[in-house]
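Okay, structure first, notes after.
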Amino acid sequence: PPPTPQFTGLYTPVRSEITTLDAGNIDDILSKYSDLQPDYYRCRFSQMLHPIFEEASNVVREEFPDTKQVVFARVDCDQHTDIAQRYRISKYPTLKLFRNGMMMKREYRGQRSVSAIADFIRQQKVDPVKELQSLEEINTIDRSKRTIIGYLENKESENYGTFQKVANILRDDCVFMAAFGEVSKPERFSGDHVIYKPIGETIPDMVYLGSLTNFDLTYAWAQDKCVPLVREITFENGEELTEEGIPFLILFHMKDDHESLEKFQQEVARQLISEKGSINFLHADCDKFRHPLLHIQKTPADCPVIAIDSFRHMYVFPEFSDLTVPGKLRQFVLDLHSGKLHREFHHGPDPTDSTPGQEEKEVQSSPPESSFQKLAPSETRYTLLRHRDEL
């Protein structure tokens, strides 16, 4: 076996503040703390991260001595495979952030160093809610970003506690603002309330009609507004979307082709809302994603194009013009789940399929390979994908 790595000079050994999580305590601990950073480990690369992780926890503890503010924890995934499966941990070491018992979809992907991990936690502790000093500030907000505004009587209220929790969880997806006391009074004619300002100057505000003391309802409403049903895939977010572990239904369109995107969004909402947990609905810039288009023998000149990437293969929706045919897009997705798309590439139309004209179609020996699986986590960071001494 290779020699044990030495860490002389990397850190000053002090008492570790790492909490060990297991099946018996994980739910209780996750629910208690506003910020929790677990390290999932099982191999020598993870062992190399341990002293760095521990020293980062000690640095953070000095800055945030209240143990309810930030907790560093670790899970041995060899001993607790159920936890690894529950949180879809397939590479080691993995660093994920939890808030109020919920796992954030964006895991830590920065440098594996004491300063970088500590900086990440500092950024996470910055209050995501901007306090408005006057209602006139609302006229100058950036309408290219989704914004949620709370009009509240005071910061000590239970209503604001809920609002701040939601803001902490969705801080990467929405801008959060709040006005209090005399500043918010003109908007509080019927009590504390929250509004959502969508992207675009002309789209009207939407008002939250539920109880602000009910976190689950408030979060569900805000998530629906902040995280669109159809998300844009970019090279920056492709890795985290791939890690969600479900296939992609992608509209490839030219950047200025808003009409096709609107049609796609409407039909996804109309036909596929029940499939939300089994497939990701995405749109992509044809020019930026020329390579996946080439995989399916298309170019930007062919856009708009709809395709599924199952992470094994890619399948093309035959005609974009069929998008609005009732049930057609839904059937395309159901045919992926049933295996029909894969079967028909290999063996031709199913015997029960009497779709006119399909019998004459030349059958490909194999569908094009997945293109988006190449956006999976960098090989230089994870030990299951590459056997080298990087963290």
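Coordinate-derived values only; no laboratory data. All values derive from a computational prediction rather than experimental measurement. Don't worry about glycine lacking a Cβ; one is built from the backbone with ideal geometry, like all the others, and counts go over all protein chains shown.
R0 = 35 Å: FRET efficiency of residue 202 with residue 254, Cβ-based, nearest 0.05? For R0 = 35 Å, the calculated efficiency reads 0.95.
Label sites at residue 224 and residue 158, each approximated as a point 7 angstrom past Cα along Cα to Cβ, lie 2.3 nm apart. Spin-label pair residue 213-residue 312: with each label point 7 Å from Cα along the Cα-Cβ axis, the two points sit 5.2 nm from one another. When all alpha carbon pairs of the range 233-289 are counted in 10 Å bins from zero, the resulting P(r) reads 22, 50, 27, 0 %.
Would you mind estimating how fast the range 153-206 diffuses translationally, via Stokes-Einstein at 10 °C and 1.306 mPa s with the Kirkwood radius over Cα pairs, in µm²/s? Estimated via Stokes-Einstein, D reaches 127 µm²/s. The length gained on full extension between residue 321 and residue 135, counted as 0.36 nm times the residue separation minus their Cα-Cα distance, comes to 62.4 nm.
Summing charges over neighbours of residue 254, with a neighbour being any other residue whose Cβ is under 11 Å away from its Cβ, gives -4 when K and R count +1 and D and E count -1. Packing order of peptides 164-171, 256-263, highest average first: 164-171, 256-263 (average count of other Cβ atoms within 10 Å over each peptide's residues).
The slack in the chain from residue 66 to residue 106, taken as 0.36 nm per residue of separation less the alpha-carbon distance, amounts to 11.9 nm. Stretching the chain fully between residue 273 and residue 188 yields a gain of 27.2 nm (0.36 nm per residue, less the alpha carbon separation).
Under 29 Å Cα-Cα from residue 340, which lysines qualify once same-chain neighbours fewer than 8 residues away are excluded? Result set, ordered by chain and number: 263, 276, 298, 328, 361, 374.
Assuming R0 = 41 Å, can you tell me the calculated FRET efficiency for the pair residue 122 and residue 297, based on Cβ-Cβ distance, to the nearest 0.05?
0.25
Does the range 125-216 classify as rounded, prolate or oblate by the C-alpha gyration tensor (a ≥ b ≥ c root eigenvalues; a/c under 1.5 gives rounded; else a/b over b/c gives prolate, otherwise oblate)? The shape class here is rounded. The string of couplings for the range 330-343 from the Karplus curve (6.51, -1.76, 1.60, θ = phi - 60°) is 4, 5, 4, 5, 4, 5, 5, 4, 7, x, 5, 4, 5, 4 Hz, one whole number per residue in order, with x for Gly and Pro.
Taken one residue at a time, the phi angles of the range 98-108 give Karplus couplings (6.51, -1.76, 1.60, θ = phi - 60°) of 10, 10, 6, x, 10, 7, 6, 6, 9, 7, 6 Hz. Gly and Pro are set to x. For residue 175, the residues 5 or more places off, or on other chains, whose built amide H falls under 5 Å of its own are 146, 147, 148.
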